[in-house]
Amino acid sequence: MNSFLQPRAERYRYLPRERAARTALPWIVALMVFLATLGVAAGIGLGSGVGALGRDFRGEITVQIVEPNPDLLPRQRDAVAAMLRSDGQVSGVRVLAEAELNRLLEPWLGGADLGDTLPMPAMIDARLDRGADLDRLERRVRALSPGAVIDDHARWFAPIGTLAAVLAGIALLAAVLLAAATAAIVVLGTRAGLSRHHESIAVLHLMGAEDSSVAALFQYRLARTALIGATTGFLLAVAVILLVGRLLANIGSGLVSASYLPLWGWAALLLVPVGAVALALYTSRLTVERALRHSL
Amino acid sequence: MEPLARFENVGLRYGTDAEVLRDISFRLDPGAFLFLVGPSGAGKTSLLKLLYLDRRPTRGRFTLFGENIGAAPRTKLPALRRRIGVVFQDFRLLDHLSAFDNVALPLRIGGVAEAEVAAHVEELLDWVGLARRRDARPRTLSGGEQQRLAIARAVIARPDLLLADEPTGNVDPEMAGRLLHLFHELNRLGTTVVVATHALQLLPKVPAATIMKLDRGEIADPVGALRNPPAPPETRAAGAAR
Ligand SMILES: Nc1ncnc2c1ncn2[C@@H]1O[C@H](COP(=O)(O)OP(=O)(O)OP(=O)(O)O)[C@@H](O)[C@H]1O
Ligand SMILES: [Mg+2]
């Protein structure tokens, strides 16, 4: 019985040849794989981007010292910096020089030297150790400079992180739904094939062909179609991903450039077409065997 | 001797219709040659359908190759089917396959090596006079040629049980004689043969054969009572019924 399953041409003509390209199936598989690959890429990209960004920001704080009195400002700034340097939970304390501040503000202020007319805040960057108590630190800073503000970036990072996570989830969910839709289409296509070739199958059946052999005929026919469709869809998706990657690189923003696919992401993407073909073959086999179970 | 097939009060109905076979009881011994006769609609094809495992009996007990068919799991049936060769009344050749591939089908399903398949098929095609039509599609063959092709497909794998439903309906008397001779030869080599036919003139050609007559779904004669075929007038009547 085994040789019945061998992929030899003469054994697979038991069902009439049909031009697969004339049916919609390869195109549908291509479309599904295309969309699912993009979905998974977006999911992985956003997920890893958010993760990387979160890692960068975790622990980064900026202390902003606002003091209208220009004489008090440097004193408060130095006192706060000294306090931070001596604090056991803080490291990497760095006072931003006035020139640096001016450069940061230049796009908004147009390079005019407004340092005298406009009260400029002083900025101190620092890094908190893991598990540091931000509230305690804030109290100590306020004691030295009542108008100081600590920005731990979480405030603006949190909503972006949530949004990115939700988008990633939606993208992955879409990929799962596409897989379900593909399976449904394979079921319908296989059922149509079963009824189209009803007589041939009945004769094979009466001659003692096993259910698995009949299923193998369908799988063999489907394998080519699915492979062609999946490869096409995957290559198109990869082209799109590379293109989008370039565009993102040009933007240069932290989140989007961090969103670019990591290496393991590419490996995971490869699972989409492989999985689609496996899913199609398995679904087709199950459909045939279920249908035949109703015959004697 | 363990019978090859045994029917005990077997009944068969299609769907919810009335029974087309009723109280069928007989045994078929290995090596037997059985003619199944009877008017059109008597149930000959239906009885063969039970024998080639297309249907399970709806009543009674039917045993084939020692397996109780009414209760056997369907996974056991393909192996039994591979021991059976069938000439269907309407041939059921696969139209998209060549004559060669149609005949090769049972061997390939049985997993026979391709080199062996070719030799066997060529030889048999030659024997039934279709060697030159080996690449022809069944649709392009004459009725008689299709019939011979169907017979070749049924016997190619040397089945233990050969079932032929009206196998000589479309061939001339000479070819009919040749085909029956083929069945007879296979029978002598050990194949159990059941032939359903209206052609009563064939019956004397197999002197050792048992003859069973079906009428409206029932066995009309005790097995063997028709050993001596009926007189010519009934032959004409049976011929006219077709
Ligand atoms: N698939 C079916 N569904 C319903 N009824 C059927 C079916 N097949 C056969 N019958 C009925 O069963 C009865 C017996 O039919 P069957 O084909 O067995 O007769 P037969 O003896 O082979 O006749 P013939 O000599 O004309 O071939 C007939 O009344 C027929 O109408
Ligand atoms: Mg009949």
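The values are calculated or read from the model by the stated rules, or taken from the named source; none is laboratory data. Since the model is a prediction, treat every value here as computed from it, not as a measurement. All Cβ positions, glycine included, derive from the backbone under ideal geometry; neighbour counts span all protein chains shown. When the accessible area is computed, the model is the full protein with side chains, heavy atoms only, and any ligands, DNA or RNA have been set aside. Shrake-Rupley method; radii C 1.70, N 1.55, O 1.52, S 1.80 Å.
Table for the structure above
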| read-out | value |
| --- | --- |
| Amide H contacts of B:Leu4 (H built 1.01 Å from N, under 5 Å, at least 5 apart or other chain) | B:Leu28, B:Asp29 |
| For chain B, calculated [θ]222 nm from helices alone, where every DSSP H run of n ≥ 4 adds -39500 (n - 2.57) | -9500 deg cm²/dmol |
| Alpha-carbon centroid distance for the pair the stretch A:186-256 / the stretch A:68-88, whole angstrom | 67 |
| Shape category assigned to the stretch B:67-212 from the gyration tensor of Cα positions, a/c cut at 1.5 | oblate |
| 5 angstrom amide H check on B:Gln89, placed H, neighbours 5+ away | B:Asp165 |
| Of the trypsin sites (Lys or Arg not before Pro) in the stretch A:127-178, those whose Cβ has at most 13 other Cβ within 10 Å and which sit in DSSP loop | A:Arg130 |
| Distant-in-sequence amide H partners of B:Phe35 (H built 1.01 Å from N, under 5 Å) | B:Val195, B:Thr210, B:Ile211, B:Met212 |
| Overall dimensions of the stretch A:137-293 as given by Cα atoms, namely Rg and Dmax in Å | 26.1, 95 |
| The stretch B:95-157: Rg to Rh, with Rh as the Kirkwood radius over Cα pairs | 0.93 |
| Magnitude of the charge dipole, the stretch B:95-157, Cβ model with Lys/Arg +1 and Asp/Glu -1, debye to 20 | 260 |
| Percent antiparallel among DSSP beta bridges (both partners in chain B, rounded to 5) | 50 |
| HN-Hα J in Hz across the stretch A:27-34 - Karplus 6.51, -1.76, 1.60, θ = phi - 60°, x for Gly and Pro | 5, 5, 4, 4, 4, 4, 5, 4 |
| Estimated translational D of the stretch B:1-144 in µm²/s (Stokes, Kirkwood radius over Cα pairs; 10 °C; 1.306 mPa s) | 91 |
| Whole-percent pair-distance distribution, where bins are 5 Å wide, for the alpha carbons of the stretch A:133-211 | 3, 11, 9, 9, 8, 7, 7, 6, 6, 5, 5, 4, 4, 4, 3, 4, 3, 2, 1 |
| Dipole magnitude of the stretch A:179-296, debye to nearest 20 (Cβ charges: Lys/Arg +1, Asp/Glu -1, about Cα centre) | 160 |
| Overall Cα dimensions of the protein assembly as shown - principal axes, largest extent first, Å | 138, 47, 36 |
| Using θ = phi - 60° and Karplus 6.51 cos²θ - 1.76 cosθ + 1.60, couplings along the stretch B:65-80 (whole Hz; Gly, Pro as x) | 6, x, 9, 6, 5, x, 10, 5, x, 5, 5, 7, 6, x, 4, 5 |
| DSSP bridge pairs, the protein assembly as shown: antiparallel proportion in percent, nearest 5 | 65 |
| Proximal lysine pairs, the protein assembly as shown, alpha carbons under 22 Å, eight or more residues apart or interchain | 5 |
| Under Karplus coefficients 6.51, -1.76 and 1.60, residue-wise ³J(HN,Hα) of the stretch B:152-164 in Hz, glycine/proline x | 4, 5, 6, 9, 4, 8, 6, x, 6, 10, 10, 10, 10 |
| Solvent accessible area, Å² - B:Ile156, 1.4 Å probe, full protein context | 10 |
